[in-house]
1. Kindly report, to the nearest 10 Å², the accessible surface of Asp252 as traced by a 1.4 Å probe over protein heavy atoms only.
2. Please give the contour-minus-distance gain from Lys189 to Ala816: 0.36 nm per residue of separation, less the Cα-Cα distance, rounded to one decimal in nm.
3. If the cut-off is a Cα-Cα distance under 13 Å, which aspartates and glutamates reach Lys524, setting aside same-chain residues fewer than 8 apart in sequence?
4. Taking 45 Å as R0, compute the FRET efficiency from the Cβ-Cβ separation of Val790 and Ser383 and round it to 0.05.
5. Multiply the residue gap between Ser690 and Asp434 by 0.36 nm, knock off their C-alpha separation, and tell me the result in nm, one decimal place.
6. Round to a whole number: what % of the accessible area of region 454-503 belongs to carbon and sulfur, probe 1.4 Å?
7. Which of the pairs Lys507/Lys633; Lys266/Lys633; Lys772/Lys805 have their Cα atoms more than 22 Å apart in this structure?
8. When a/c reaches 1.5 or more, the comparison of a/b and b/c decides; with that in mind, is region 756-833 rounded, prolate or oblate per its Cα gyration tensor?
Amino acid sequence: MRATLFTFQETALADLHGKIQKAHTMWSEKDPQVISLSAPTGAGKTIIMTALFEEIIFGHAYGVAEPDSVFVWLSDMPELNQQTRLKIESKSDKFRTRDVHVIDSNFDAEFFAPGSINFLNTQRLGTDKLLTGTGDARQYTIWQTLANTAKRQPKSFYVAIDEAHRGTSTPQTENKAQSIMQKFIRGSKEDGMPIMPLVIGVTATPQRFQKLVENSSSTIQKVIVPPEDVIESGLLKDRIIIHFPEMALGADMTMFKEAAVNWKKKCGHWAAYCEHEEIAKPVRPILVVQVQDGTDRGATQTDLASCFAALEELLGRKLKSGEAVHTFNDQEAVNIGEYELRRIDASRIEEDETAMVVFFKMNLSTGWDCPRAETMMSFRHASDYTYIAQLLGRMIRTPLARRVESDAELNNVALYLPFFDEETVKNVEQALRDSEAIVPAETGTHREFVTLKRDPSFADVFSDMDLITYRVDAARKQPALRRLMALARALTQDMIAPDARRSALKKVLDKFDEEIAALRESGKYDEIERAVTALALKTLTIDYGTDMASTADSETVELSEFDLTNLFERAGKVLGGDLHTEYWIRHSIRDAEDVKTEIIAMANETAIMEQLDACAEKLFNELYDYHKAAFKKLKEERKDTYKKLALSSAIPIALAWDLPQSIDFLLGDDTDVFENHLFIPTDGGDFKVSLNDWEAGVVREELANGAVAWLRNLDRKKWSLEIPYEAAGVTASMFPDLLVVRADAHGYVFDVLEPHDPSRKDNYPKAVGLAKFAEKHGGHFGRIQLIRKVHKFGRDIFYRLDMNKTEILGKVRGVASNEELDRIFDDDAAAEE
């Protein structure tokens, strides 16, 4: 694979292999098998399936290569097949172009070619189509080809039904497509086609696929990709921001110009980012324009000439050939004055580096992938909200398959709707939530969501920051051995520590030797060896004359070399990092079966695995802490590699808190203007935010006492300050409301302030969390305060408990109830003078 799979994709791939092995064990002509791969839009289902095809054909850790395997990929639109074919060819480094076939009306063969991927679509499989009949020019129908291949190789013939990328169609055509797909699942006596032995359904909505397979005789197994894993991966944008007028007056060209300005701004941001990050293939954003339907007099009722005039005015030049394209099904080239607006297939847009503006009607709503689509303008009316939401679901993929940490603008999708108002925009939001797409964490209007930039007047404050944060549950947890070897490999690859991988590998293999030697010395090794590498057989004898049955004592036989190697590879998956092979190489002069047996025994002994895990965790932390200063000098993509490795620890790890150049921000209702905020609106103007009485009161008190600057720390943002605490034995996250910057004789001091209602149940756990944070990282901060508002002497007074004071830290760290914390507050909290 040219693409590196995310952890959740690797898990799905492993699950698919396991389900396939189980399906092959259970299969018979009377018990066909169906596997459902269910993953949300944007999860990379095609990537997972491509990796599966590669590993089946060319071999993998779960079994030997099956080079004669055949795959059929069935969808309901030729355009979707074309898009999937292009994606497979671009992501696979093993399949050649001649291995991948789109089955057209000229296809005529008794069997599908071994080692091939074959694309079929339901539109070619109707009763009136050439593929389904015979004659002078055709010897075999497609049904016969399918039946012959299934009969010849039932356990190496796979039919993938692409139910995830269903085309937009009428109920009649959709029902027809579904009935054709069901022939693969239920068989068709009329066409002489049996039930396919193994069908893999690729779906974004399990309910819809369940409807497809209901009333079939197949055994159904499921592989499910959790939506939260996809969100954590960075594959999807953070926000969808919808722009609309106060009233739906139809100021369409004004809104189009605003959309074009937004698109041009994104072009500038992406160009600067790609240049800074030295990205070989820069991202070229696309403006997607949904136009109205046509009439007898023209391709669309939308005034394309005015659109072109606005674009050319914004660009300051004429549009060049190919920069603007369309996807209208009923038109080829469309002339706009002197400009020829050429037609492009939707599947070709992403790779067409010339195309910058795409005009379309309805045919991009499903099955279309274009992560470059950053801004959308729709000339459609409010009644078309469902189609708009479907398209948005296709636009939320990130162009680089990761978040951009340094520029919040590049994690947004912008939508402009001139014919909508506040009420009808809610329909779009709801339709998006009801669709098969994962909705970004925030979907709302431009009145709520803004992007803020660093205030340049505080440049010296930002440069003086040396702060710490945590990220709890921000990534799927990985075994410590895998994390250690991945970290060592990355350090070597980035030339931060060229010897890191060799050194880490030596320490891990030394630990393997130590644990195996200890196991042998304890006398347990022989017992474990027999348990995992020998097979106990019993014999049942039936006497035909008396119908008496007797069972003989069991006898033990050694596993075959094939089975031993299979167990060795499975142990390697447990250890990760190809460590089983490295151990085998280290001991290459010894008997190979003995070495493999040691790995199998070690991987199956819980106590040893716990020891290895603890050792690897310690080595990881030492290696990470020693080199973490060097990570700051890397490009963002490589920084992200180290960050994800740290976040995948079962124990939260402290990270450097590097505030980005711009942040995504939620204004809230009833906003007020505040001065000296570290981040300000990108388009100028005052910083506004909605704060409650406690928060606003503390900010005003701090500013009155001479604070230089401050930051409203929002909950659960990628850029936020996050501190772990424990509640009922579970690690959770808190996000202190305020970071305040003061100046003293030594420079800037950074305070963490948390105004907190004492009636809340989480009061004392959060106080303990702040105290533990102060104990570990207090040197990076000034005050670390839990604050309560008390009405006293006719006014509100803010009493503060400073965890960064040794005496208070010692008291708070051990509290076990809100009542204990209340007593400490009564005795030790103080108001600012």
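The values are calculated or read from the model by the stated rules, or taken from the named source; none is laboratory data. What you are looking at is a predicted structure, and each value in this text was computed from that prediction instead of being measured. Here the Cβ is made from the backbone with ideal geometry for all residues, glycine too, and neighbour counts use every protein chain on show. Accessible surface areas use protein heavy atoms only, side chains included; no ligands, DNA or RNA. Shrake-Rupley method; radii C 1.70, N 1.55, O 1.52, S 1.80 Å.
1. Counting only protein heavy atoms, the figure is 50 Å².
2. 218.6 nm
3. Qualifying aspartates and glutamates at Cα under 13 Å: Glu515, Glu598, Glu605.
4. Details: r = 55 Å, r/R0 = 1.23.
Result of the calculation: an efficiency of 0.20.
5. Working: separation 256, 0.36 × 256 = 92.16 nm, distance 2.98 nm.
Value of the extension gain: 89.2 nm.
6. Values: 1120 of 2290 Å².
Here carbon and sulfur together make up 49 percent of the probe-accessible area.
7. Values: Lys507/Lys633 28 Å; Lys266/Lys633 25 Å; Lys772/Lys805 12 Å.
Cα-Cα > 22 Å for Lys507/Lys633; Lys266/Lys633; rest within.
8. Numbers: a/c = 1.99, a/b = 1.33, b/c = 1.50.
Oblate shape, in that a/c is at least 1.5 and b/c is the bigger or equal ratio.
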